[in-house]
Protein chains: 4
Amino acid sequence: MPSARAILLISCPDRPGIIARVSGLLYSLDCNIIDSDQHTDDEDGHFFWRILFESRSRAAAAVIAELNAALPTLFTDMALHWELFDPAYRERIVIMVSKLHHCMMDLLSRHHSGELDAEVAAVISNHPDLAQLVRPFGIPFYVIPVTRDNKPRAEGELIERLQALRCDTLVLARYMQILSGDFLRAWHKPVINIHHSFLPAFVGARPYKQAHDRGVKLIGATAHYVTEELDAGPIIAQATTPVTHRDTVAELTRKGKDLEVVVLATAVRAHLQKRVLSHRNRTIVFE
Amino acid sequence: MPSARAILLISCPDRPGIIARVSGLLYSLDCNIIDSDQHTDDEDGHFFWRILFESRSRAAAAVIAELNAALPTLFTDMALHWELFDPAYRERIVIMVSKLHHCMMDLLSRHHSGELDAEVAAVISNHPDLAQLVRPFGIPFYVIPVTRDNKPRAEGELIERLQALRCDTLVLARYMQILSGDFLRAWHKPVINIHHSFLPAFVGARPYKQAHDRGVKLIGATAHYVTEELDAGPIIAQATTPVTHRDTVAELTRKGKDLEVVVLATAVRAHLQKRVLSHRNRTIVFE
Amino acid sequence: MPSARAILLISCPDRPGIIARVSGLLYSLDCNIIDSDQHTDDEDGHFFWRILFESRSRAAAAVIAELNAALPTLFTDMALHWELFDPAYRERIVIMVSKLHHCMMDLLSRHHSGELDAEVAAVISNHPDLAQLVRPFGIPFYVIPVTRDNKPRAEGELIERLQALRCDTLVLARYMQILSGDFLRAWHKPVINIHHSFLPAFVGARPYKQAHDRGVKLIGATAHYVTEELDAGPIIAQATTPVTHRDTVAELTRKGKDLEVVVLATAVRAHLQKRVLSHRNRTIVFE
Amino acid sequence: MPSARAILLISCPDRPGIIARVSGLLYSLDCNIIDSDQHTDDEDGHFFWRILFESRSRAAAAVIAELNAALPTLFTDMALHWELFDPAYRERIVIMVSKLHHCMMDLLSRHHSGELDAEVAAVISNHPDLAQLVRPFGIPFYVIPVTRDNKPRAEGELIERLQALRCDTLVLARYMQILSGDFLRAWHKPVINIHHSFLPAFVGARPYKQAHDRGVKLIGATAHYVTEELDAGPIIAQATTPVTHRDTVAELTRKGKDLEVVVLATAVRAHLQKRVLSHRNRTIVFE
């Protein structure tokens, strides 16, 4: 029997009866709720709900179709925003890198051990250096060079490539180019970036140098959705690790790599499991 | 208007329709769910649910009475286990100490700033040493000495005292006596203890000495419900902190105190907010 | 016999032979090195050394006098900067607070248990609210109100009070007034502050509100020496703790208090043990 | 010019003058101390010292020879134990694995980026599964199957292989076989293991299952030197990460892998930089 599980994400202004009506609908469709996590924003009263449920009699696709038909009729006085996902569908992600391989290798290694709920459709780089490391994983590696002069053309080529690869989510695994606002507007699918500082501290270039100069006693890493404003998009995951006066910029860089790897993997995993919702430039990350 | 909020904890074997029926009942009683957290045990399929809800028209006490009447009729084929709490009721806790004051002072300090959702009914010690530190908080301090010979009598006196104080939860804040099985069976209300190690490592006496001898690179603290088997009850909260070869047993003890304080406060707070359920010697701690 | 231990801090440009000559001098004075920690700045080659040593035949004061006479003669071609401390001398600290008591209570509680290597000479506040909590510790409590109009006069009164108290180090334990540049220049002894964010993120007012608005997944606390530029002095200690979308500003504030307490205590302790050296707006914190 | 840096590790009973005499000797040989870290055991007064120094006029090999000649003459009344290392010599390590690749891939990835101060001489496994992942790194992969019946023969083959590879340190990167006492006695070079629990909790098989059954709120990982008693050798590095009631054994296993990777890399790195000394089944790990 095909998968009978599905995920329902609901986002709307709070009002009485949402849980009762939606869970009643699911029950009437012979579905059992396996996991339910709900949150209401304390400032504007917005309501968020993630439900993992299982049909007891039909395939996920059939239940999803029924729900898509029934949900608009539940509330006549407000717009219910919802998304339905078949967890059996594996999202297609593309990893972008430059010359540093640690985040890419970690994601490929997790993919290889079946830990990542996604297909890695390709690795794309602005440099050819990492081709050899990708090869044993059997994943295509493309080079799209970026120079000061060819950026619009390179981004155009990137979009075409992503479309040909049917990419769902783009993961910047220490990709050292800034994607333009034009690209982001044209692409408009999720882009996850790893920034090597505890944002909002040390925005921009050379954050470990900045951290060293300020004499901080912790360094951090931040995974966030990319928006037009540099390093200012909704934060998905963060972590820090202690450092001391003995740590040079090179040592901070080395220690930071371990953070970047774990923080990016945490964010990608939460995103792929549909546990992340964005609202007013912040994220709700269900457990 | 009196408080209209209440907490409902449900625990039962999983089956379809629990969320639909219970949320439907709440909706029919004009209640709005503010926060809902649900968990199903992956091994035995037991279902746990914590709901914070608000009546839109009546006081909490009235709604609680109605729910107590209605919930038994929801399922005819299984025993639903539930508890209802009025968050406006402040539990009465008693803090037990010996000679070390750090955990006690922290709880009293939090109580003083309104951070603890409870009344501290008294501090009870087997030594008179800490009386002076308790005085400015305006909380009664009782001494019940315990010797090798008088233990049953002392525990009898303790039970009488706790009953006179209408104590709901007993908090052992580095109380250095072991409560007997006879006491626990007679008392049968929650007892929370802070153990100064990362259990199950270093059960029993002098855990920092044990940790030093083993040469660990982290020390820990564990808050747990007390059961008859020493240091083996359900764990509510744990934390660790790094140590090095430079740390003597005295240094481990000093560093550990900071952990104990935070871990005990975390556990007491979760317990008082009805976020902790015990199941098969483990806890579910809702966020 | 009086204490025979002393601490020697050395700071100078690096050159061959410093360790050989100084340790040779100590040996010739019949002193044994108990703990030695050395660091050389990777950027400007500055040399830092902390030595805890013990005289085998004389009191600390005598050895300190001999060293003060001999050290200038060791190097003729460079200026050796050194400081000598008798660890038996207990620094006199003054704690400044406003209305929040958590950091103050923690320091007083540590002082009470003998954990702080200092005398708490007084607590000074711009509000009378915390007087009662200080009383059982037997420590003087002074109120120096600060308004928009009286600030220079209030700071003058503060300096007089600190001098009368023979204060060595001032600890701002959530003191909500900014000390002026005039005060700092007049006072010129160490001032340690706890800032309730992971600096340099969220400088200035209401950092927990700033953190909430940015949607960070960790909050932090920073203890630093106070300099004229707000929140920009040398950092002594920092820590972070995870937060989620469920945490309101009030929850961040509550969680942050636990961090502030530990970070401030860590910094004060390191400072009192002469383990902190400042260099180019950063600190060396020997373990 | 060849490398002029060397590392000197000293371990002996404490007595006055060690630092003065050794640093005087280094100075007389025209060497400058770059980094010096010293520790004296608080229980038995044993003295440990790690010195990184630089010759100002000769190659490391020449200075090491001179020191090996001079050090025995420094003290006539006690046995000074010392070791001298040329940091330019790259140790040869062999990585042993079974079927899980995460620790191996991490070490190979670090090696590839020049972060590991060692040559990876080979990967040896009791299964052929990981051969393909090792290939792009250009490192030999050997299979030595182990069955219940052939263990002594397999271990004999392993020793021969290690000798042929001129292996200095053996790293068990989730190698699921227990090395016998016979092997360890015959091999007598360092063996570093990663154990997937916070030792001494959960010694032996299936630690994540044990952790789940006990209901802990943190899981850990421990890197230690292998001794004959299972999971009881000197601990080099440990770390923990929070878990909740939602985490199944599979989730604990997944989360734990991230810990194992970092803890093993930390331990291997410290070991290769000669920052680890063992004493009475504990380690001194200099920073």
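The values are calculated or read from the model by the stated rules, or taken from the named source; none is laboratory data. None of the values given here were measured: they were computed from a predicted structure. Every residue, glycine among them, receives a Cβ derived from its backbone with ideal geometry; neighbour counts consider all protein chains shown. Protein only, heavy atoms only, side chains kept; ligands, DNA and RNA dropped before computing areas. Shrake-Rupley method; radii C 1.70, N 1.55, O 1.52, S 1.80 Å.
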For the stretch C:91-285, alpha-carbon Rg and Dmax in angstrom: 16.2, 49
Give me a comma-separated list of calculated 3J(HN,Hα) values for the stretch A:272-280, in order, Karplus coefficients 6.51, -1.76, 1.60 applied at θ = phi - 60°, integers in Hz, x for any Gly or Pro. 5, 8, 6, 9, 10, 10, 9, 7, 6
Note: C:40-46 gets an average of partner chain Cβ contacts (10 Å, Cβ to Cβ) equal to 3
Apply the a/c threshold of 1.5 to the C-alpha gyration tensor of the stretch B:114-170 and tell me whether it is rounded, prolate or oblate. oblate
Count charges around C:His46 for me, please; just the other residues with Cβ under 9 Å from its Cβ, Lys/Arg as +1, Asp/Glu as -1. -3
In whole Hz, what ³J(HN,Hα) sequence does the stretch D:142-152 give by Karplus (6.51, -1.76, 1.60; θ = phi - 60°), x for Gly and Pro? 10, 10, 10, x, 10, 10, 4, 8, 9, 4, x
What Kirkwood hydrodynamic radius, in Å, does the stretch D:216-255 give when the mean of 1/r is taken over all pairs of distinct Cα atoms and then inverted? 11.6
Assigned charges on the beta-carbon of Lys, Arg, Asp, Glu; the stretch A:225-276 dipole about Cα centre (debye): 340
Under 5 Å, built H, 5+ apart or other chain: amide partners of C:Gly233: C:Thr227
7 Å along Cα→Cβ for the label point: how many nanometres lie between A:Asp129 and each equivalent label in the other copies, listed shortest first? 3.3, 5.5, 6.0
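What does DSSP give for chain A in terms of the percent of beta bridges that are antiparallel, rounded to the nearest 5?
Antiparallel bridges: around 70 percent, rounded to the nearest 5.
Mind checking the mean number of beta-carbon atoms from other chains within 10 Å of the Cβ atoms in B:17-30?
6
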The answer for the net charge of residues other than C:Ile34 whose Cβ lies under 9 angstrom from its Cβ, with Lys and Arg +1 and Asp and Glu -1, is -2
Please list, in order along the stretch A:21-32, the HN-Hα scalar couplings obtained from phi with the Karplus expression 6.51 cos²θ - 1.76 cosθ + 1.60 (θ = phi - 60°), rounded to whole Hz, x for Gly and Pro. 5, 5, 5, x, 4, 4, 5, 5, 8, 6, 10, 10
Once the other residues with Cβ under 11 Å from the Cβ of C:Arg58 are scored (Lys, Arg +1; Asp, Glu -1), what is the net sum? -2
Projected onto the charge dipole of the stretch B:91-285 (unit charges on the beta-carbon of Lys, Arg, Asp and Glu, signs +1, +1, -1, -1), the Cα from B:Asn150, B:Leu277, B:His127 with the largest positive-side position is that of B:Leu277
Using +1 on the beta carbon of Lys and Arg, -1 on that of Asp and Glu, and nothing else charged, what's the dipole of the stretch B:91-285 about the Cα centre, debye to 20? 300
Name the residue, out of C:Arg174, C:Arg153, C:Arg90, whose mean-square fluctuation peaks in a Gaussian network model built on chain C with Cα pairs under 10 Å. C:Arg153
quick note, the protein assembly as shown, DSSP beta bridge pairs, % antiparallel (nearest 5) is 70
In square nanometres, what is the average projected area of the Cα convex hull of the stretch B:77-122? 5.0
Taking 0.36 nm per residue of separation and subtracting the Cα-Cα distance, what length does fully extending C:Arg206 through C:His279 add? 23.4 nm
Rounded to a whole number, what % of the accessible area of the stretch A:4-85 do carbon and sulfur atoms account for, probe 1.4 Å? 52
Have a look at C:Gln273, C:Gln163, C:Gln177 and tell me which one the Gaussian network model of chain C (Cα, springs below 10 Å) gives the largest fluctuation. C:Gln163
Cα long-axis angle, helix D:102-112 against chain D (0 to 90 degrees, to the nearest 10): 40
Over the stretch D:4-85 - Rg/Rh using Cα atoms and the Kirkwood inverse-distance radius: 0.96
Label 7 Å beyond Cα on the Cβ vector: A:Pro87 copy-to-copy distances, nm: 2.9, 5.0, 5.7
Per the C-alpha gyration tensor (a ≥ b ≥ c, the square roots of its eigenvalues), the protein assembly as shown is rounded if a/c is under 1.5, else prolate if a/b beats b/c, else oblate; here it's oblate
Residue of chain A whose Cβ sits closest to the axis mapping A onto D, with distance in whole Å: A:Pro136, 2
Between B:Ala62 and C:Gln177, how many nm apart are label points set 7 Å from Cα along the C-beta direction? 5.2
Shortest-first distances to equivalent copies, position C:Pro140, nm, label 7 Å out along Cβ: 3.9, 7.8, 8.0
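Could you size up the charge dipole of the stretch D:31-93 around its Cα centre, putting +1 on the beta carbon of Lys and Arg and -1 on that of Asp and Glu, and report it in debye to the nearest 20?
540
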Roughly how crowded by other chains is peptide A:119-129, in terms of the mean Cβ count from those chains within 10 Å of each of its Cβ atoms? 0
Gain in length, D:Ala131 to D:Arg15, computed as 0.36 nm per residue apart minus the alpha-carbon separation, to one decimal in nm? 36.5 nm
What is the distance in Å between the Cα centroid of the stretch C:222-287 and that of the stretch B:1-77? 43
Alpha carbon centroid spacing (whole Å) that separates the stretch D:125-169 from the stretch B:132-180: 62
I want to verify a result. In a Gaussian network model of chain D, Cα cutoff 10 Å, which of these has the top mean-square fluctuation: D:Val171, D:Val268, D:Val243? D:Val243
